[in-house]
Every structure is written in structure tokens, then in C-alpha cells.
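This report refers to the structure that appears directly beneath it.
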Amino acid sequence: MNFYDELIIELKELISKNDFENALLKINQELSMSYVPADIEKKLSDFKIEIYKKISLKANTNNSINAEYILKILKSNDREQQAFGINFLNKINLRDHLSVISEILLLDRIDNSIKTLILFTLKEQEINKVFDVLYSGAHKDWNPIDIDFENNFKFINEIDEVISKSIENENPGIAHDAKMLNINFYLNNLDTFNTLNLNEKAAAFILFAIEMLEAESDFAYIKQWFDFDENIAEKCLKEIKGHE
């Protein structure tokens with residue numbers, strides 16, 4: 001029996017025991033390797049699909065949300081499970097689980113993006129309470145009611161509009177990547193986010209998206225579509241790269 005045979009047997013056992021966290025950790029670890037045989041890669045991908053179906057079924061128990069289970073996967077060590085769990089959070093009455101939410105917001109293993117979305121959901125549910133949040137390695141006292149998510153998302157959408165009206169017709173793939181960089185930057189940098197320099201930030205996201213494809217370009221190329229201050233755009237680009 002070779003390594004992959006043993007791995008498949010182990011994964012089947014973990015899934016049968018509903019130990020999805022360790023199963024996903026092993027699957028993701030293997031998929032990150034430089035070489036995985038095509039048939040094994042297919043089996044691992046199928047396991048992931050199976051796991052998320054099972055997680056979804058377990059999250060929805062008798063047509064109602066299993067709040068305890070959602071909070072459990074949010075606290076897991078697996079980022080995919082955390083990202084999956086956040087999709088169900090707005091279906092939970094968080095007032096009944098504030099102690100667990102407070103604990104999650106202090107966990108170092110939880111990404112900033114997940115914590116930002118938790119704070120957003122708390123505001124949606126009009127929970128007026130100051131939370132101690134471990135964010136970017138520092139403690140922040142945040143009352144979700146006071147965070148101007150509406151204005152922030154309006155600014156993000158305005159950046160997306162600049163991207164759409166510029167490079168999207170020529171290269172929709174670059175436009176898509178630039179928009180993803182835009183929202184991900186916000187979700188991971190709530191503590192330093194501001195609604196300044198709209199065009200400069202749009203230019204920085206576009207150029208970074210181009211660079212991610214290992215293509216050469218510069219801000220002069222982007223100026224064919226809209227005007228901006230190149231010095232400020234360069235500072236924005238450095239900030240974006242510094243937080244990747």
C-alpha cells in the first residue's frame with residue numbers, strides 16, 4: 001500500500017467520523033504540493049465537495065440553522081471552514097451567542113476578513129456593544145454600530161465602477177482580479193481603511209492585477225482610460241502589496 005492509498009483510507013475514515021476539520025487540513029496540505037497525480041487530485045477535490053455538502057446539511061438541521069455548529073466551524077483551524085461558516089452567520093440571532101462571538105474576535109487564527117464580516121453582521125443585527133477585537137496583531141475596541149460600512153461599501157463600488165469603465169472591455173480577467181483585490185483589501189484592512197484617492201486606488205488595483213499575471217506595465221498604460229496622480233497611486237500600490 002503506497003502513501004496515496006493510505007491517505008485515501010485515512011480521509012474516508014475522518015469523513016465518516018465527521019472530522020471535517022482534519023480531513024480538510026490534510027486535503028489542502030496535499031493539494032498544495034508541487035506534484036499530485038491527476039487521479040489523486042480528482043479524488044481529493046471530490047472529497048472536498050462531499051465534505052462541504054455534509055457541512056451544509058449539518059448546518060441546516062431540520063430546516064433550521066444549527067447555530068452552535070456554525071460557531072464551531074467559525075472557530076476551527078481551517079480557513080476554508082471559517083469562510084464557509086461566515087455565509088451562515090446572518091441567519092443566527094447573534095444576541096444569543098455574544099460570548100462566543102467575543103471569543104472568536106480575539107482568536108489569532110481567524111483572518112481579518114472573517115472578523116470584518118462578523119462585525120458587519122453584528123451591525124446588521126443592530127447590536128450596540130463594544131467588542132475587543134484582535135486585528136492585525138493589535139487589540140481594537142470596536143462598536144459595530146459606529147462602523148460606517150454603508151459609506152465604505154459605496155466607495156468600494158465606486159472603485160469597481162472605475163475599473164469596469166476602463167480595462168474591463170479590453171481585459172475582463174484583469175478587471176475581475178482588480179475588483180477582487182479591491183474588496184479583499186477592505187475586508188482585511190478595516191482598521192486603516194479610508195475613502196480617499198478613488199482614481200489612484202483604482203489604478204493601483206489594476207496595475208497590481210496585471211503584475212500578478214507576471215505581465216509588465218506601468219501607470220502610464222492605465223492613464224489612457226482615466227486621470228490620477230501617479231505619486232499617490234504608487235503609494236497606494238505599495239500599501240496594497242504590503243498587506244498581501
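Points worth noting:
- Residues of the range 75-117 satisfying the condition of being β-branched (Val, Ile, Thr) and either free of Cβ contacts under 8 Å to residues at least 40 places away in the same chain or over 15 Å from residue 144 (Cβ atoms) (or both): 86, 92, 100, 101, 104, 110
- Residue within the range 156-169 that is touching a His at 6+ places or on another chain (Cβ under 8 Å), not assigned by the TED database to the domain that holds residue 113 and not charged (D, E, K, R) present: no
- The set of residues in the range 34-57 being modelled with pLDDT under 85 and farther than 19 Å from residue 83 by Cα consists of 34 alone.
- Elements of type helices (runs of 4 or more DSSP H) contained in the range 66-157, each with 3 or more residues being modelled with pLDDT under 95: 67-74, 79-86
- The numbered conditions (1) open to solvent by 80 Å² or more (accessible area, probe 1.4 Å); (2) in a helix (DSSP H, G or I) are all true for residue 160 except (1).
- Every residue from the range 126-139 that is closer than 17 Å to residue 113 by Cα and loosely packed, with under 15 Cβ neighbours inside 10 Å: 132, 136, 137, 138, 139
- Search result, residues across the range 7-63 that are of a type in the set (Lys, Arg), surrounded by fewer than 12 Cβ atoms within 10 Å (Cβ to Cβ) and under 18 Å from residue 77 (Cβ atoms): 17
- Listed conditions (1) within 27 Å of residue 117 (Cβ to Cβ); (2) open to solvent by less than 60 Å² (accessible area, probe 1.4 Å) are all met by residue 210, apart from (1).
- The one condition from (1) polar (S, T, N, Q); (2) surrounded by 12 or more Cβ atoms within 10 Å (Cβ to Cβ); (3) over 30 Å from residue 126 (Cβ atoms) that residue 82 does not meet is (3).
- Positions within the range 177-205 being assigned to a helix (DSSP H, G or I), open to solvent by 10 Å² or more (accessible area, probe 1.4 Å) and not polar (S, T, N, Q), in sequence order: 177, 179, 180, 181, 183, 185, 187, 198, 200, 201
- Exclusive hit being touching an Asp or Glu at 6+ places or on another chain (Cβ under 9 Å) and either assigned by the TED database to the domain that holds residue 113 or at pLDDT below 90 (or both), set 6, 21: 21
- Residue in the range 220-237 that is closer than 27 Å to residue 120 by Cα, in contact (Cβ under 8 Å) with a residue 12 or more places away in the chain, open to solvent by less than 70 Å² (accessible area, probe 1.4 Å) and not assigned by the TED database to the domain that holds residue 133 present: yes
- Odd one out for residue 68 among (1) open to solvent by less than 90 Å² (accessible area, probe 1.4 Å); (2) touching a helix residue (DSSP H, G or I) at 6+ places or on another chain (Cβ under 9 Å); (3) not small (Gly, Ala, Ser): (1)
- Residues satisfying the stated conditions in the range 13-31, i.e. part of a helix (DSSP H, G or I), free of Cβ contacts under 8 Å to residues at least 12 places away in the same chain and closer than 17 Å to residue 69 by Cβ: 22
The values are calculated or read from the model by the stated rules, or taken from the named source; none is laboratory data. Keep in mind that what you see is a predicted model, and the values were worked out from it rather than measured. With ideal geometry, Cβ positions are generated from the backbone for all residues, glycine too; neighbour counts draw on all protein chains shown. Accessible surface areas use protein heavy atoms only, side chains included; no ligands, DNA or RNA. Shrake-Rupley method; radii C 1.70, N 1.55, O 1.52, S 1.80 Å.
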